[in-house]
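Asks: First, the structure itself, so that you have it in front of you.
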Amino acid sequence: MIFLPKILHASGYSATQIGIILSIAPLMRFLTPFFFLKKLRLTRTIFYINLLMMIAGIPLLYLTLENFYAFAVSNLFFGLSFSFVLPYIESHALLLLKKEKFGRSRLFGSLGFILVALVLARIFDVWMGLHFIAVSVVMSAIFGFLIAKGEDEDQQEETPHQLFDLGKHLLLWVSIFLMQVGFGAFYGFFTIYENEHGIDLATVSYLWSFGVVCEIVLFYFQEYIIRYDLRKLIAFSILVTAMRWMILYLLPSSLFWVYLSQSLHAFSFALYHTATMSYLYRCYSDKKLAAQFYYGFGFGLGGFVGSLLAGRLYGEYIFLISALITVVALISFVLDRPFKRAI
């Protein structure tokens, strides 16, 4: 997430090409949940197959980096496998730990994020970046296998397969989609954007790490916050995110303000993610499919459109556009029917 745009930029890719590459995996996340609307279920066997696909895709990254179209196909392969793996693990964690302690499982991913940010910034080159990706994928696959192997059979069949009604909370899904469209500029171009405003690569890595540290703190203490009204927590998180993008638009060269904007990652990612997942779990009985569509509409379709839009519109006003999109996400969420009326 931090260095792939830089890897592609150093390999001669244009901003538009970077946006296209970053949009492929999210597109696959959006498409795959629709295969599960009827009889197909996200079982342990399907999960294992996708872990193997992740590992098999590693050599493709090395072989295709120099060719835009071939590298796009490689990312298509990776996007397909990850679209199954993440919802499976997340739904298992939330089922096992409940919403109060769910955030503490997520903070371990944040620690890995910081490790990459701090280490790779000091030894960065194109091939070292690919080595980090390869090691991360292999280790993720190993631990994913161990988690699924230890899962009880009873946990896999949590509910009978029912019709999944997306229209039941249509504006909620629109809000989830727009929230991640707004993130497209940040995930795809924050490193390049700050670099162009006079902040060196090492400092940018500290900025990434600081945001994740704030995220970790909130994940750890989240059980005391998540007990409150989930709708109010989600709305607050979206509002804070819009403010965060406005800070980056207005003061991109000020380290103080950029650090302040990064501190808001605790709310725009950590709190938003747990509150929204928990809210969807209350709204829908099929937990794994709810998680798949959350990733599909948010990190999938939202990430796809956000990456393409950011690549196309990248420039001085990119984070102003992100802020406006996030405000629309807030309006859409507020207009969605309250949970009590949806039961």
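The values are calculated or read from the model by the stated rules, or taken from the named source; none is laboratory data. Fair warning: this is a prediction, and the values are worked out from it, not measured in the lab. FYI the Cβ positions are ideal-geometry reconstructions off the backbone, even for glycines, and counts take in every protein chain you see.
Asks: Kindly indicate the residue of region 175-184 that is of a type in the set (A, V, I, L, M) and farther than 15 Å from Tyr279 by Cβ and also farthest from the chain's Cα centre (by Cα) among those meeting that condition.
Replies: Leu178
Asks: Tell me, yes or no, whether region 34-42 has at least one residue that is among the aliphatic types (A, V, I, L, M), in a helix (DSSP H, G or I) and in contact with a helix residue (DSSP H, G or I) (Cβ under 8 Å, 6 or more places away or on another chain).
Replies: Checked region 34-42: no residue is among the aliphatic types (A, V, I, L, M), in a helix (DSSP H, G or I) and in contact with a helix residue (DSSP H, G or I) (Cβ under 8 Å, 6 or more places away or on another chain).
Asks: Hey, among the residues in region 227-242 that are in a helix (DSSP H, G or I) and without any contact (Cβ under 8 Å) to a residue 40 or more places away in the chain, which one's surrounded by the fewest Cβ atoms within 10 Å (Cβ to Cβ)?
Replies: The extreme case among them is Lys232.
Asks: A further question follows. Taking the stated definitions as given, is Ser278 assigned to a helix (DSSP H, G or I), out of contact with any Leu (no Cβ under 8 Å at 6 or more places or on another chain) and under 21 Å from Glu90 (Cβ atoms)?
Replies: no
Asks: Quick one: in region 61-100, of everything that is touching a residue at least 12 places away in the same chain (Cβ under 8 Å) and not in a helix (DSSP H, G or I), which residue is farthest from Ile147 (Cα to Cα)?
Replies: Glu66
Asks: State yes or no: is Leu8 closer than 26 Å to Leu207 by Cα, out of contact with any Cys (no Cβ under 8 Å at 6 or more places or on another chain), at pLDDT 85 or above and in a helix (DSSP H, G or I)?
Replies: yes
Asks: Same structure, new question: Only one of (1) small (Gly, Ala, Ser); (2) under 25 Å from Phe297 (Cβ atoms); (3) at pLDDT 80 or above fails for Gly167. Which number is that?
Replies: (3)
Asks: When you scan region 48-66, how many residues do you find that are surrounded by 15 or more Cβ atoms within 10 Å (Cβ to Cβ) and either in contact with a Pro (Cβ under 7 Å, 6 or more places away or on another chain) or closer than 19 Å to Ile89 by Cβ (or both)?
Replies: Within region 48-66, residues that are surrounded by 15 or more Cβ atoms within 10 Å (Cβ to Cβ) and either in contact with a Pro (Cβ under 7 Å, 6 or more places away or on another chain) or closer than 19 Å to Ile89 by Cβ (or both) number 7.
Asks: Can you work out which of the residues in region 33-47 that are surrounded by fewer than 17 Cβ atoms within 10 Å (Cβ to Cβ) and aromatic (Phe, Trp, Tyr) is modelled with the lowest pLDDT?
Replies: Among them, the one singled out is Phe35.
Asks: Turning to a different aspect of this structure: Any chance you could count how many residues in region 102-152 are over 22 Å from the mean Cα position of the chain (by Cα) and modelled with pLDDT of 75 or more?
Replies: 4
Asks: Taking into account only those residues within region 171-216 that are within 16 Å of Pro252 (Cβ to Cβ) and among the small types (Gly, Ala, Ser), which is modelled with the lowest pLDDT?
Replies: Result: Gly188.
Asks: Can you list residue pairs whose Cβ atoms sit under 9 Å apart, with the first residue in region 209-226 being more than 10 Å from Ile114 (Cβ to Cβ) and the second being surrounded by 19 or more Cβ atoms within 10 Å (Cβ to Cβ) and of a type in the set (D, E, K, R)? Count only pairs 6 or more apart in sequence or on different chains.
Replies: Phe219/Arg106; Gln222/Lys99; Gln222/Arg106; Glu223/Lys99; Ile226/Lys99
Asks: Is there a residue being among the polar types (S, T, N, Q), more than 27 Å from Gly315 (Cβ to Cβ) and either out of contact with any Leu (no Cβ under 9 Å at 6 or more places or on another chain) or surrounded by fewer than 20 Cβ atoms within 10 Å (Cβ to Cβ) (or both) anywhere in region 251-261?
Replies: Checked region 251-261: no residue is among the polar types (S, T, N, Q), more than 27 Å from Gly315 (Cβ to Cβ) and either out of contact with any Leu (no Cβ under 9 Å at 6 or more places or on another chain) or surrounded by fewer than 20 Cβ atoms within 10 Å (Cβ to Cβ) (or both).
Asks: Name the helices (runs of 4 or more DSSP H) wholly inside region 301-343 in which the number of residues that are modelled with pLDDT under 90 is 1 or more.
Replies: Correct list: 303-313, 339-342.
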